[in-house]
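Computed from the coordinates by the stated procedures, all read-outs in this text should not be read as laboratory data. All values reported here derive from a predicted model rather than from experimental measurement. All Cβ positions, even for glycine, are placed from backbone atoms using ideal geometry, and neighbour counts span all protein chains on display.
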Amino acid sequence: MEFIFNKEEHKEEIQKFEIFIEENKDKPGALMPVMQEAQEIFGYLPMEILQLISRRLNIPLSEIYGVATFYSQFSFIPTGENKISICLGTACYVKGAEGILEEIENQLGIKRGGTTPDLKFSIVDTRCLGDCSLAPVFTINNDVYPNVKREDIKGILEKYR
């Protein structure tokens, strides 16, 4: 699935971002804060924005791409309105988290790391959500779903549609 970045739709955000770049371009190590600001404003790093960063900071696009692919905080696809994080740490994995992940993927028609075409859901995996006694556990945004079973998934997802 290819997501199209519409510059006209994001005109205000682009202007805000260009001001941020201008205010920060001469600071040492400007690339990381500029990329973080882009991720914050746009929810991901569209190619058009990477090209803008390259031009304004005078940094080769290949170098920017290298930084973006090195750090997991950056994404090249839009994040969905509802971010699903599934713990695949040892306790959750042993208690069936992989099956929970598969069920969520089946229900949404996307794989981990993906976003639904309607931009309603994104799936990410994580290694720990901090409470192994609740395994298997996943979150949707800030809502925690402990001791989940495959048959619970459809109803949980319906709350967010």
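Relative to the dominant Cα principal axis of the chain, helix 61-70 is inclined by about 30°.
With respect to the chain, whose longest principal axis is taken over its alpha-carbon atoms, helix 97-108 is tilted by about 70°.
Sorted by packing (mean other beta-carbon atoms within 10 Å per residue), highest first, where do 137-143, 7-13 land?
Top to bottom by mean Cβ count within 10 Å: 137-143, 7-13.
Within the listed set GLY80, GLY29, GLY96, the Gaussian network model of the chain (springs between alpha-carbon atoms below 10 Å) gives the highest mean-square fluctuation for GLY29. Legend: distances between Cα atoms for LYS11/LYS120; LYS25/LYS120; LYS95/LYS159; LYS120/LYS149; pairs beyond 26 Å are LYS25/LYS120.
Set the Förster radius R0 to 41 Å, insert the Cβ-Cβ distance between ASN24 and ILE4 as r into 1/(1 + (r/R0)^6), and round the FRET efficiency to 0.05.
About 0.90, to the nearest 0.05.
Annotation: cysteines of the chain without a disulfide-compatible partner (Cβ-Cβ under 4.7 angstrom) are CYS128, CYS132.
Note on the stretch 1-62: with charges restricted to the Cβ of Lys and Arg (+1) and Asp and Glu (-1), its dipole about the Cα centre is near 260 debye.
Stick to the Cα atoms of the stretch 58-133, pair each with every other, and give me the Kirkwood hydrodynamic radius in Å at one decimal.
One over the average 1/r among Cα pairs gives 13.9 Å for the stretch 58-133.
Residue ranges 14-21, 42-49, 84-91, 126-133 sort as 84-91, 42-49, 14-21, 126-133 when ordered by packing (mean number of other C-beta atoms within 10 Å per residue, highest first).
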